[in-house]
Amino acid sequence: MPELGEGVHEGTVSRWLKKEGDFVNEDEPVVEIMTDKVNTELGAPASGVLSKILIPEGAPVEVFKAMGLIEDGSEAMESPATPAPAAEPTAPAAQTAAPAEVAPVALTEGERRWYSPLVRSMAKEHGLSEAELASISGSGENGRVNKKDLESYLARRGGAPIAAAAPKASPAAAPEPKPVAPVQAGPDQEIVPLVGMRKMIAEAMVRSSQVPTVSTLTEVDVTNMVKFREKNKESFQETYGVKLTYTPFFIKAITETLLEYPLANASLQGDQVVMNNKVHMGIAVSLGPKGDQGLIVPVIRDCQSKTLIDLAKDLEAIAAKARSNSLGVADVQGGTFTLTNPGSYGAVLGTPMINAPQAAILGTYTIKKVPVILDDMIAIRSIMNLVLTYDHRIIDGAVAGKFLQSIKSRLENFDFFK
């Protein structure tokens, strides 16, 4: 299981594209992985036979853990070759084994040793370091260490790995937590395990919840924006081939404001504040044709150098990828700020959670026509709520308030085309 993005520590095996016994070519897609950031197919690291699937479909797998074993057939080829030294009557077995313990056989192709997935797995299980593994003499082709070589070495090693692991069971160690009792379904209930993307999202939310955040709200009169869109949405699509929604206006206003208040475009990593000179906007979108397969945050890059039309095209492209579950790892990495739009499904107000380690997230909510006092007269205006949630360790309330007022001014004045 490789790393599939910053902060991704675990994934779920959603589907095996090959079954045990199938031959696979190097880089051929063999398994489909799902994380909270992306769904992707992984290629085989080498050519050979998929001899064993270690992680079944639907099960979680941690980064760098083995998901399956690919055998290249060398172990079967090596077996007939091993009796050859024993066929010489003048060379006792003890004498032939002794040199093998002292010096490893030189490799014929380069100096790098290659180990089969099975040998790698066994070495990790028994706590062998890379140097210790390299010291084992191999009886396979070109001095390759096979399963029998490793078993012989472990037998001579005399149980050292078990002794090394003993402190874990020491009475002085901290007591392990009591196992959680299994959840029992009631008469009108069913148990659905929290797996896959939902589990990934849950873990990401727990990490983000550890950040001390504050949410600040402001109201915005977006009447001018609403009128402009109503007047131009059909001609915009005819001219540029994309729908004109409100979101590109939000992205444009946020981007200009982030350049004015760069702390909101930063992130706190340890004791270091990472300042970003460019705006890479994460946009929360729903996965699947019906939008019911989870939430993901693909990134529109370099927003500071893009026009409203560019942003509208990029937004439509990532939304299409999300609906078809075709987002790649690169599509969800490197965000510096996040925009979420609960208003698209009718939400009036909320407090979005930051996408740690980003410093802030802005939520945009439903636009409603309401009566307001304007020049001492009652007028019907289009009003919406903006909510900024921010990391209070690096952003103070005064900065957050000014940030929101700057976005409010840009949306109300609506001078994007001047």
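The values are calculated or read from the model by the stated rules, or taken from the named source; none is laboratory data. These figures come from a predicted structure and were not determined experimentally. No Cβ is skipped: glycine too gets one built from the backbone with ideal geometry, and neighbour counts run over all protein chains shown.
When we screen Val372, Val329, Val387 for residues that are more than 15 Å from Ala253 (Cα to Cα), modelled with pLDDT of 90 or more, surrounded by 14 or more Cβ atoms within 10 Å (Cβ to Cβ) and in the same structural domain as Val226 (by TED's automatic domain parsing), the only hit is Val372. The residue of the stretch 248-261 that is surrounded by the fewest Cβ atoms within 10 Å (Cβ to Cβ), among those that are in contact with a Leu (Cβ under 9 Å, 6 or more places away or on another chain) and among the aromatic types (Phe, Trp, Tyr), is Phe249.
Please go through the stretch 262-302 and pick out each residue that is modelled with pLDDT under 90, of a type outside the set (A, V, I, L, M, F, W, C) and surrounded by 18 or more Cβ atoms within 10 Å (Cβ to Cβ). Within the stretch 262-302, Gln293, Gly294 qualify.
Might you let me know whether the stretch 387-406 holds any residue that is acidic (Asp, Glu) and over 27 Å from the mean Cα position of the chain (by Cα)? Yes - at least one qualifying residue is present in the stretch 387-406. The set of residues in the stretch 318-337 that are farther than 13 Å from Gly291 by Cβ and out of contact with any Pro (no Cβ under 8 Å at 6 or more places or on another chain) comprises Ser326, Gly328, Val329, Ala330, Gln333, Gly334, Gly335, Thr336, Phe337. As a summary of the residue check, Val279 satisfies the conditions (1) farther than 18 Å from Thr389 by Cα; (2) aliphatic (A, V, I, L, M); (3) touching a Phe, Trp or Tyr at 6+ places or on another chain (Cβ under 7 Å) except for the one numbered (1). Check whether at least one residue in the stretch 64-86 is of a type in the set (Val, Ile, Thr) and modelled with pLDDT of 50 or more, and report yes or no. Looking through the stretch 64-86, at least one residue is of a type in the set (Val, Ile, Thr) and modelled with pLDDT of 50 or more.
State yes or no: is Lys408 touching a residue at least 40 places away in the same chain (Cβ under 8 Å), surrounded by 16 or more Cβ atoms within 10 Å (Cβ to Cβ) and assigned by TED's automatic domain parsing to the domain that holds Lys252? Yes: the conditions hold for Lys408.
Among the residues of the stretch 288-295, is any charged (D, E, K, R) and either in contact with a Gly (Cβ under 6 Å, 6 or more places away or on another chain) or over 22 Å from Asn341 (Cβ atoms) (or both)? Within the stretch 288-295 (the criterion being charged (D, E, K, R) and either in contact with a Gly (Cβ under 6 Å, 6 or more places away or on another chain) or over 22 Å from Asn341 (Cβ atoms) (or both)), the answer is no, since none of the residues qualifies.
Of the residues Thr351, Thr340, Thr366, the single one that is surrounded by 14 or more Cβ atoms within 10 Å (Cβ to Cβ), under 19 Å from the mean Cα position of the chain (by Cα), assigned by TED's automatic domain parsing to the domain that holds Cys303 and of a type outside the set (Gly, Ala, Ser) is Thr340. Of the strands (runs of 3 or more DSSP E) lying entirely inside the stretch 207-291, those containing at least 3 residues that are more than 23 Å from the chain's Cα centre (by Cα) and hydroxyl-bearing (Ser, Thr, Tyr) are 213-221.
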